[in-house]
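One structure below.
The values are calculated or read from the model by the stated rules, or taken from the named source; none is laboratory data. In this text, all values refer to a predicted model and were calculated from it rather than measured experimentally. For neighbour counting, all protein chains shown are included, and Cβ atoms are generated from backbone atoms with ideal geometry for every residue, glycine included. Just the protein is used for accessible areas: all its heavy atoms, side chains included, with ligands, DNA and RNA removed. Shrake-Rupley method; radii C 1.70, N 1.55, O 1.52, S 1.80 Å.
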Amino acid sequence: MIENKNNNTIVDQAEKLRLMVQTTRKSARVVAVTSGKGGVGKTNVAANLAICLAAANRDVILVDADLGLANLDVVLNLNPRHNLSDVICGSRRMDEIIRSGPGGIRIVCGASGLSQLADLNEFQRQRVIQEISTLEHQADVIVIDTGAGISRDVCAFCEAADHTVVVTTPDPTSITDAYAMIKRITRANTGSKISLLVNVVESRGEAKKVFQRLNATSQKFLDVPLYDAGYVLRDEHVVQAVRRREPVVLAYPRCQASYCMLALAGKLGRAGQAAAAQEGFFRKVVNWFF
Ligand SMILES: Nc1ncnc2c1ncn2[C@@H]1O[C@H](COP(=O)(O)OP(=O)(O)OP(=O)(O)O)[C@@H](O)[C@H]1O
Ligand SMILES: [Mg+2]
């Protein structure tokens, strides 16, 4: 009798613990960083944003999902033994290739230099996105650095994210391509938020003009308001940091670009709190595929 009672107590305690673990499980917000035109600063924004969020005590995983020209490992001076290509071909799980990176973040390195991965088939794409969804309970935020342009792969990451940050420069071709990207994401109608970040600007005023123009066009023709993710000033320290293979916020924490990255992290953090009740990444992936 006494033994039974004790056993029951242990079972009860185990059940309580299980429930406690379940209720304290993390459910990460997924932020995709993308652009229409290439070379506008996505990788730098994604890496530095991830580090700023980690500095604010968020548990952050940064995923290099640029399947054509992955280069986060180059920018952050990492020499990964395994990368996303191992996950795509099925030889590794996502949690087996994750590694620690600068500033306390964890990183999934991309499938660099494997041109056959530039365009995944439906099965491979589904595998990558589902593997990313397995990270959802291991972090507060998952930042995905995507490739540029309206490819099926890039759009799949954006559509599955809670929040997409579209990066543009003030260059008219970059703005036009950013609008095309916004249109494509909006058409998928997943309900994910879209923010605009204007990079390599000379002044706050220049960024404001770009934002107002794109926001007005998006509202008028797509019926979608854009969130203002802010701007990053043109700053030679970003170029220097890339040469040093260090994120600018760690290499030059007091430069103008670093302050802009911090401001971006602050804005997204607030947007995250407001959308705390949003549905998770996996749910959206399921919706997207089926
Ligand atoms: N705010 C900035 N000020 C000055 N130079 C910048 C800034 N942001 C980015 N750059 C420059 O632009 C280069 C390209 O940046 P990055 O690799 O982040 O672009 P990307 O959009 O990820 O490119 P890709 O489309 O090839 O993936 C950097 O190496 C850096 O030299
Ligand atoms: Mg890049």
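The set of residues from region 34-92 being of a type in the set (V, I, T) and near ligand 1 (Cβ under 8 Å from one of its atoms) comprises V40, T43, V45, V75. Within region 235-247, being part of a loop (DSSP other than H, G, I, E, B) and crowded, with 17+ Cβ neighbours inside 10 Å holds for D235, E246, P247.
One line per residue, one yes/no per condition, for (1) over 18 Å from E202 (Cα atoms); (2) open to solvent by less than 10 Å² (accessible area, probe 1.4 Å); (3) at pLDDT 90 or above:
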site: L233; (1), (2), (3): no, no, yes
site: V249; (1), (2), (3): yes, no, yes
site: M261; (1), (2), (3): no, yes, yes
site: E279; (1), (2), (3): yes, no, no
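One residue stands out in region 150-169 among those that are outside any helix (DSSP H, G or I) and open to solvent by 10 Å² or more (accessible area, probe 1.4 Å): the one that is nearest to Q212 (Cα to Cα), namely T169. It is to be established whether one or more residues within region 12-34 are modelled with pLDDT of 90 or more, assigned to a helix (DSSP H, G or I), of a type outside the set (S, T, Y) and crowded, with 23+ Cβ neighbours inside 10 Å. No: zero hits.
Taking region 185-217 as the range and being more than 16 Å from ligand 1 (Cβ to nearest atom), over 17 Å from A46 (Cβ atoms) and either at pLDDT below 95 or acidic (D, E) (or both) as the test, the residues that pass are T186, R187, A188, N189, T190, G191. In the condition set (1) touching an Asp or Glu at 6+ places or on another chain (Cβ under 9 Å); (2) under 16 Å from L226 (Cα atoms); (3) modelled with pLDDT of 90 or more; (4) away from ligand 2 (no atom under 15 Å from the Cβ), T168 is compliant with all but (4).
Do we have G38 as surrounded by fewer than 18 Cβ atoms within 10 Å (Cβ to Cβ) and modelled with pLDDT under 90 here?
Working: surrounded by fewer than 18 Cβ atoms within 10 Å (Cβ to Cβ): yes; modelled with pLDDT under 90: no.
No: the conditions fail for G38.
Would you check if V63 is open to solvent by less than 10 Å² (accessible area, probe 1.4 Å), touching a strand residue (DSSP E or B) at 6+ places or on another chain (Cβ under 6 Å), over 17 Å from V242 (Cα atoms) and not aromatic (F, W, Y)? It is true that V63 is open to solvent by less than 10 Å² (accessible area, probe 1.4 Å), touching a strand residue (DSSP E or B) at 6+ places or on another chain (Cβ under 6 Å), over 17 Å from V242 (Cα atoms) and not aromatic (F, W, Y).
For region 128-138, the count of residues that are open to solvent by 10 Å² or more (accessible area, probe 1.4 Å) and under 24 Å from V74 (Cβ atoms) is at least one.
Residues that are within 17 Å of the chain's Cα centre (by Cα) and within 16 Å of ligand 2 (Cβ to nearest atom), at least 2 per element: which helices (runs of 4 or more DSSP H) completely within region 53-102 meet that? Give the steps one after another, and end with the answer.
Details: elements: 72-75, 84-88, 94-97.
By residue number, 72-75.
Candidates S100, S195: the one that is among the polar types (S, T, N, Q), touching a His at 6+ places or on another chain (Cβ under 9 Å) and closer than 17 Å to L49 by Cα is S195.
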